[in-house]
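Novice: This is the structure I have questions about; it appears just below.
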Amino acid sequence: MGDKKAQVADDAEVHRIRITLTSRDVKALEKVCAELIRGAKDLELKVKGPVRIPTKVLKISTRKSPCGNGSNTFDTFEMRIHKRVIDLHSQTDVVRQITSISIEPGVEVEVVIADS
């Protein structure tokens, strides 16, 4: 009976952790994802992902003419935002070890810990 209580206590410490990565550069984003997953698999954690979220395309259309005279010609500028989601099942202290990798510049990392 004491063994079951110890097993339940171990399971209570395991959290569901969601890591969200956001960037404008796909190569840097994929590199960070690969490093995170490699580190998690080395520690034999349960990993789901990376889930690729649809790309947000932010567009701005502006007039080419600075003064407003001339033909009505427009320039369109766009910025693409790529997003990846990785789910882990582990303890919180293990996540600190995994996320201590060097993160590429321009990649934003958001870690959310939820009880499972």
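Just so it is clear, none of the values below were taken in a lab; they were calculated from the coordinates. Note that the structure is a prediction, hence the values are computed from the model and not measured. Cβ sites come from the backbone with ideal geometry, for glycine too, and all protein chains shown count toward neighbours.
Novice: Counting only other residues whose beta carbon sits under 12 Å from that of Glu110, what net charge do I get with K and R as +1, D and E as -1?
Specialist: +2
Novice: Magnitude of the Cβ-charge dipole of segment 55-100, K/R +1 and D/E -1, about the Cα centre, nearest 20 debye?
Specialist: On the way: 8 positive and 4 negative charges, 38 e Å.
With only Lys, Arg, Asp and Glu charged at Cβ, the dipole is about 180 debye.
Novice: I'd like the orientation of helix 2-13 relative to the chain: the angle between its Cα long axis and the longest Cα principal axis, in ° from 0 to 90, rounded to 10.
Specialist: Helix 2-13 sits at roughly 10 degrees to that axis.
Novice: Right, next: How much net charge surrounds Met79 when only other residues with a Cβ under 9 Å from its Cβ are counted (Lys, Arg +1; Asp, Glu -1)? List each step's numbers first, then the result.
Specialist: Values: positive: Arg24, Lys56, Lys59, Arg80; negative: Glu78.
Here the count lands on +3.
Novice: Once Cα Rg over 2.2 N^0.38 Å is worked out from the coordinates, which option in (i) 3.60; (ii) 1.61; (iii) 1.28 does it equal?
Specialist: (ii)
Novice: Next question. Can you tell me how much longer the chain between Lys46 and His15 gets when fully stretched, taken as 0.36 nm per residue apart minus their C-alpha distance, in nm with one decimal?
Specialist: On the way: separation 31, 0.36 × 31 = 11.16 nm, distance 1.10 nm.
Computed gain between Lys46 and His15 is 10.1 nm.
Novice: Follow-up. How would you rank 102-112, 16-26, highest first, on the average number of other Cβ atoms within 10 Å across their residues?
Specialist: Details: 102-112: 12.7, 16-26: 17.9.
Ranked by mean Cβ neighbours within 10 Å, highest first: 16-26, 102-112.
Novice: Given the options Leu29, Leu88, Leu45, state which has the largest fluctuation in a GNM of the chain using a 10 Å cut-off (strictly under) for Cα springs.
Specialist: Highest fluctuation of the listed residues: Leu45.
Novice: Now for a separate question. Figure the gain on full extension for Val57 and Met79 (residue separation times 0.36 nm, minus the Cα-Cα span) and round it to one decimal in nm.
Specialist: 7.3 nm
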